[in-house]
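Asks: My questions will all concern the structure given below.
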Amino acid sequence: MKFEIDGAELAVRLEGEREKPALLLIHGFPGSSASFRNVIGALAEDCLVIAPDLPGFGRSDPIDAPTFSRFADMLDELLERLGVSSFHLYLHDYGAAVGLHLATRAPRRIRSLVIQNANAHESGMGSQWSATKAYWDEPTPEREAAATAHLTYEGTRDQYVGGVPEDIAACIDPRLWEEDWRIMSLPGRLETQRALVLDYASHRARFGEIAEYLERWQPAALMLWGRHDVFFDIEETLSWMQALPRMEAHVLDGPHFLLETHPAECAALMRAFVRRVDGRG
């Protein structure tokens, strides 16, 4: 299904009954709503599942001057059109930079957070972020080249299997990064990715605001974390647990894209969690 929002077509996967609590699934880089293909069916037993392709990803059009804040604006409009006033919010990778705008803007509509390899603390940004941080400090062409060196076929593949144990990497279908790279090679897509690398600095700048939101509102939360994540340090899990001391946390023997290797386990944990939060289990 597609919606025209802010002059662009936004592709959205919708599944489940409108009367059920909504669950907004926001994907990360370099994927799309296809990241959720193995869990949507199960989750739709309990929720109205809403899984958009962010602008410039998947089947959604790129937009001019893309930022995570603008993406959040578009998802706000999408939720309004769908008549969704409250929802469970799944955060992954870039999805956290989008979704946490939604949460801090209107905390009362967030039924819960599902945190899957999503960063919102300095503790998650180790030495692997040094080139990106240098680019944020001084956005020269040379520093941009270093910070965006992953925007290649090889870099796209490494999002899935870089630094992942061989037996786990063998479970991930190469067609995933091949399709991601095909889409990233379409007109306007790499420009979107370069812009978002720079705009991620705005997400980092909001860490204090996000911490205040978590401290004040203490949303119900479930963590599903792939321990073989080469992008976000494992210390990030402790930061989330310190911020949300009642959070249910699971660290699994999986990669950054945990739903590729542990879909059944994650779907079962998510279903049980949202049912408890909604008073149905």
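The values are calculated or read from the model by the stated rules, or taken from the named source; none is laboratory data. Owing to the predicted nature of the structure, the values given are computational and were not obtained by experimental measurement. Methodologically, a virtual Cβ is constructed for each residue, glycine included, from the backbone with ideal geometry; neighbour enumeration extends over all protein chains shown. Surface areas here come from the heavy atoms of the whole protein model, side chains and all, with no ligands, DNA or RNA. Shrake-Rupley method; radii C 1.70, N 1.55, O 1.52, S 1.80 Å.
Asks: Measuring from label point to label point, each 7 Å out along Cα→Cβ, what is the Glu178 to Thr152 span in nm?
Replies: Between Glu178 and Thr152, the label points sit 2.0 nm apart.
Asks: Answer rounded, prolate or oblate for the chain, using the Cα gyration tensor with square roots of eigenvalues a ≥ b ≥ c: rounded when a/c is under 1.5, else prolate when a/b is larger than b/c, else oblate.
Replies: Details: a/c = 1.30, a/b = 1.22, b/c = 1.07.
Rounded, because the longest to shortest axis ratio a/c is under 1.5.
Asks: If you don't mind, there's one more thing I want to ask. When the Cα centres of the stretch 1-58 and the stretch 235-281 are compared, how far apart do they sit, in Å?
Replies: Between the Cα centre of the stretch 1-58 and that of the stretch 235-281, the gap is 19 Å.
Asks: Here's something else I'd like to know. Going by the alpha-carbon gyration tensor, a ≥ b ≥ c the square roots of its eigenvalues, is the stretch 145-188 rounded (a/c under 1.5) or, if a/c is not under 1.5, prolate (a/b greater than b/c) versus oblate?
Replies: Numbers: a/c = 4.74, a/b = 1.49, b/c = 3.18.
Oblate shape, in that a/c is at least 1.5 and b/c is the bigger or equal ratio.
Asks: Could you tell me the relative contact order of the stretch 35-179? Use alpha-carbon pairs under 8 Å, at least six residues apart, and round to a whole percent. Numbers along the way, then the final one.
Replies: Numbers: 96 pairs, mean separation 18.7, N = 145.
In percent, rounded to a whole number, it is 13.
Asks: Follow-up question, since we're still on this one. Just need the relative contact order of the stretch 176-281 here, percent rounded to a whole number, with Cα pairs under 8 Å and 6+ apart. Write out the running numbers ahead of the final one.
Replies: Working: 70 pairs, mean separation 25.0, N = 106.
That works out to 24 percent.
Asks: Under the rule a/c < 1.5 gives rounded, and otherwise a/b versus b/c splits prolate from oblate, where does the stretch 31-136 land using the Cα gyration tensor? Before the final figure, lay out each step's value.
Replies: Numbers: a/c = 1.56, a/b = 1.46, b/c = 1.07.
Cα axes put the stretch 31-136 in the prolate bin.
Asks: To continue, here is another question. Quick one: pull the percent of accessible area on the stretch 182-256 belonging to carbon and sulfur, 1.4 Å probe, ligands and nucleic acids left out. Write down the numbers at each step before the final one.
Replies: Working: 1860 of 3540 Å².
With neighbouring chains kept in place, the figure for the stretch 182-256 is 53 percent.
Asks: Taking 7 Å along the Cα-to-C-beta vector as the label spot, tell me the Ser185-Ala65 distance in nanometres, rounded to one decimal.
Replies: 3.2
Asks: Also: What is the chain's relative contact order, in percent, from Cα pairs under 8 angstrom and six or more apart in sequence?
Replies: Working: 474 pairs, mean separation 59.3, N = 281.
For the chain, the relative contact order is 21 percent.
Asks: Considering only the other residues whose Cβ falls under 10 Å of the Cβ of Leu252, what net charge follows from Lys and Arg at +1 and Asp and Glu at -1?
Replies: Details: positive: Arg227; negative: Asp253, Glu265.
Combined, the nearby Lys, Arg, Asp and Glu give -1.
Asks: Dipole of the chain, Cα-centred, from +1 at each Lys and Arg C-beta and -1 at each Asp and Glu C-beta, to the nearest 20 debye? Please list the in-between numbers first.
Replies: On the way: 28 positive and 43 negative charges, 184 e Å.
Approximately 880 debye in magnitude.
Asks: Working out 0.36 nm times the residue gap between Met1 and Gln242, then minus their Cα-Cα distance, what length gain in nm do you get to one decimal?
Replies: Length difference between fully extended and current span is 82.9 nm.
Asks: Still on this model: Would any residue of the stretch 98-112 have its amide N under 15 Å from a label point 7 Å out along Cα→Cβ of Gln218? List them or say none.
Replies: Once the point is set 7 Å along Cα→Cβ of Gln218, nothing inside the stretch 98-112 turns out to lie under 15 Å by backbone N.
Asks: Of Leu186, Pro174, Thr156, which is farthest along the charge dipole of the stretch 118-232 in the positive direction, counting Lys and Arg as +1 and Asp and Glu as -1 at C-beta?
Replies: Leu186
Asks: Taking the full set of protein chains and a 1.4 angstrom probe, give the accessible area of Trp136 in square angstrom, rounded to the nearest 10.
Replies: Spelled out: Trp136, probe radius 1.4 Å, area about 40 Å².
Asks: Then there's this: Given points 7 Å out from each Cα along the Cα-Cβ axis, report the Arg37 to Glu235 separation in nanometres with one decimal.
Replies: 3.7
Asks: Considering only the other residues whose Cβ falls under 15 Å of the Cβ of Ser85, what net charge follows from Lys and Arg at +1 and Asp and Glu at -1?
Replies: Details: positive: Arg18, Lys20, Arg81, Arg105, Arg108, Arg109, Arg111; negative: Glu19, Asp76, Glu77, Glu80, Asp278.
Residues close to Ser85 contribute a combined charge of +2.
Asks: Roll a 1.4 angstrom probe over the protein heavy atoms and tell me the percent of accessible area of the stretch 64-171 that is carbon or sulfur. Before the final figure, lay out each step's value.
Replies: On the way: 2080 of 4370 Å².
Within the stretch 64-171, the accessible surface is 48 percent carbon and sulfur.
Asks: Okay, next question. Just the accessible area per residue of the chain, please: how many Å² with a 1.4 Å probe?
Replies: Details: 11680 Å² over 281 residues.
That works out to 42 Å² for each residue.
Asks: Further question: Only four residue types carry charge here, +1 at the Cβ of Lys and Arg and -1 at the Cβ of Asp and Glu. Report the dipole size of the stretch 12-57 about the Cα centre in Debye, rounded to the nearest 20. Intermediate values should be presented prior to the final figure.
Replies: Numbers: 4 positive and 6 negative charges, 30 e Å.
The calculated dipole for the stretch 12-57 is roughly 140 debye.
Asks: Let me ask you something else. Tabulate in residue order the Karplus-calculated ³J(HN,Hα) for the stretch 56-72, using 6.51 cos²θ - 1.76 cosθ + 1.60 with θ = phi - 60°, rounded to whole Hz; enter x for Gly and Pro.
Replies: x, 10, x, 9, 8, 5, x, 10, 6, 6, x, 9, 5, 5, 5, 4, 5
Asks: Residue separation times 0.36 nm, minus the C-alpha to C-alpha distance between Glu80 and Glu265: what's the value? It would help to have the intermediate numbers written out before the result.
Replies: Values: separation 185, 0.36 × 185 = 66.60 nm, distance 3.15 nm.
Using 0.36 nm per residue and subtracting the Cα-Cα distance, I get 63.4 nm.
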